[in-house]
Amino acid sequence: MPSTTFHTLTLMRHVISVLVENKFGVLARIAGLFSGRGFNIDTLNVAPTHTDGRSRITATLEGDEKALDQCIKQLDKLVDVIQVENYHGDEAVGRELVLLKVDANSKTRSEITQICDVFRGKIIDVAPCSLIIEATGNENKIKAFLNLLESFGVSELARTGLVSLRRGRSEI
């Protein structure tokens, strides 16, 4: 009986940082390149940098390392792309922002406030029946924070997705 060898792809989580010229359509081309190669973007953050006319796109996705390397090479060839980096392990520092509206009454406000204090969250709006809270941190901190507040009733939530920069001195 002939032996059959199966190759399994190892899907890893990747954080991709793309420095771009802030021009019409650049985000669509980059997102299209990822999706066209079978990558699903888990989080996506785009914002201007300290340099006029430039933006940083941070995307987190899961995929095969070899396929991603090809995708990065193709990203590097796009006209408006200045630099592409694939952050590994502790090479970069990343944070996420979450805003959430939590149901709160006079009986639950103090407990919610204590949870916010532990997680260094800020209450940024108070209404008779709810609180809006802001928190920042890594993905695990945000998950733990949300898990604790879930029991109070989260009526709305918005997250930025990961923003990240390489540790140490920048080359660009």
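The values are calculated or read from the model by the stated rules, or taken from the named source; none is laboratory data. None of the values given here were measured: they were computed from a predicted structure. With ideal geometry, Cβ positions are generated from the backbone for all residues, glycine too; neighbour counts draw on all protein chains shown.
Given the condition assigned to a loop (DSSP other than H, G, I, E, B) and touching a strand residue (DSSP E or B) at 6+ places or on another chain (Cβ under 6 Å), answer yes or no: does some residue in the range 55-70 qualify? Walk me through it before giving the result.
Our first condition is that a residue be assigned to a loop (DSSP other than H, G, I, E, B); within the range 55-70, this holds for none.
No; the residues of the range 55-70 include none that is assigned to a loop (DSSP other than H, G, I, E, B) and touching a strand residue (DSSP E or B) at 6+ places or on another chain (Cβ under 6 Å).
So for the range 47-55 (the condition being among the acidic types (Asp, Glu) and within 22 Å of the chain's Cα centre (by Cα)), does at least one residue qualify?
Quick first cut of the range 47-55, residues among the acidic types (Asp, Glu) only: 52.
Pick out the ones that are also within 22 Å of the chain's Cα centre (by Cα) and you get none.
Checked against the condition, which is being among the acidic types (Asp, Glu) and within 22 Å of the chain's Cα centre (by Cα), the range 47-55 yields no hits at all.
Mind checking which pairs have a first residue in the range 83-103 that is more than 13 Å from Ala59 (Cα to Cα) and a second that is polar (S, T, N, Q) and not in a strand (DSSP E or B), Cβ under 6 Å, 6 or more apart or different chains?
Partner pairs satisfying both residue conditions: Leu97/Thr160.
For every residue, the table says whether it meets (1) over 19 Å from the mean Cα position of the chain (by Cα); (2) surrounded by fewer than 16 Cβ atoms within 10 Å (Cβ to Cβ); (3) in a strand (DSSP E or B).
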{"residue": "Arg13", "(1), (2), (3)": "no, yes, yes"}
{"residue": "Lys73", "(1), (2), (3)": "yes, yes, no"}
{"residue": "Asp90", "(1), (2), (3)": "no, yes, no"}
{"residue": "Lys107", "(1), (2), (3)": "yes, yes, no"}
{"residue": "Ser110", "(1), (2), (3)": "yes, yes, no"}
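Quick test of your reading of the structure: Lys77 fulfils all but one of (1) surrounded by fewer than 16 Cβ atoms within 10 Å (Cβ to Cβ); (2) outside the structural domain of Phe39 (by TED's automatic domain parsing). Name the failing condition by number.
So the condition that Lys77 fails would be (2).
Looking at the range 126-159 only, could you name the residues that are buried (at least 17 other Cβ atoms within 10 Å of the Cβ) and either touching a residue at least 60 places away in the same chain (Cβ under 8 Å) or of a type in the set (Gly, Ala, Ser) (or both)?
Matches in the range 126-159: Ser130, Ala135, Gly137.
Regarding Ala28, is this residue small (Gly, Ala, Ser) and free of Cβ contacts under 8 Å to residues at least 24 places away in the same chain?
Details: small (Gly, Ala, Ser): yes; free of Cβ contacts under 8 Å to residues at least 24 places away in the same chain: yes.
Criteria met by Ala28.
Just to be sure, is Ala127 out of contact with any Asp or Glu (no Cβ under 7 Å at 6 or more places or on another chain) and modelled with pLDDT of 90 or more? If you could, list the steps in order and put the result at the bottom.
Values: out of contact with any Asp or Glu (no Cβ under 7 Å at 6 or more places or on another chain): yes; modelled with pLDDT of 90 or more: yes.
Judged against the criteria, Ala127 is a match.
Output the number of the condition that Thr43 fails; it satisfies all remaining conditions of (1) of a type outside the set (Asp, Glu); (2) under 15 Å from the mean Cα position of the chain (by Cα); (3) loosely packed, with under 15 Cβ neighbours inside 10 Å.
Of (1) of a type outside the set (Asp, Glu); (2) under 15 Å from the mean Cα position of the chain (by Cα); (3) loosely packed, with under 15 Cβ neighbours inside 10 Å, only one is false for Thr43: (3).
Quick one: is Ile115 of a type outside the set (Lys, Arg) and not in a strand (DSSP E or B)?
Working: of a type outside the set (Lys, Arg): yes; not in a strand (DSSP E or B): yes.
Yes, satisfied.
Determine which member of the set Leu131, Leu99 is assigned to a strand (DSSP E or B) and either closer than 20 Å to Leu44 by Cα or assigned by TED's automatic domain parsing to the domain that holds Ile57 (or both). Give the steps one after another, and end with the answer.
Working: Leu131 fails: either closer than 20 Å to Leu44 by Cα or assigned by TED's automatic domain parsing to the domain that holds Ile57 (or both).
Just a single option satisfies the conditions, and that option is Leu99.
Going by the structure shown, is Thr108 out of contact with any Pro (no Cβ under 9 Å at 6 or more places or on another chain), outside the structural domain of Arg159 (by TED's automatic domain parsing) and touching a residue at least 24 places away in the same chain (Cβ under 8 Å)? Please lay out each step first, then the result.
Details: out of contact with any Pro (no Cβ under 9 Å at 6 or more places or on another chain): yes; outside the structural domain of Arg159 (by TED's automatic domain parsing): no; touching a residue at least 24 places away in the same chain (Cβ under 8 Å): yes.
Against the criterion (out of contact with any Pro (no Cβ under 9 Å at 6 or more places or on another chain), outside the structural domain of Arg159 (by TED's automatic domain parsing) and touching a residue at least 24 places away in the same chain (Cβ under 8 Å)), Thr108 does not qualify.
Here are some conditions: (1) farther than 16 Å from Thr160 by Cα; (2) out of contact with any Cys (no Cβ under 9 Å at 6 or more places or on another chain). Phe39 meets all but one. Which one does it not meet?
Only one criterion is unmet by Phe39, namely (2).
Looking at (1) loosely packed, with under 12 Cβ neighbours inside 10 Å; (2) closer than 30 Å to Ser151 by Cα, which is the one condition that is false for Leu99?
(1)
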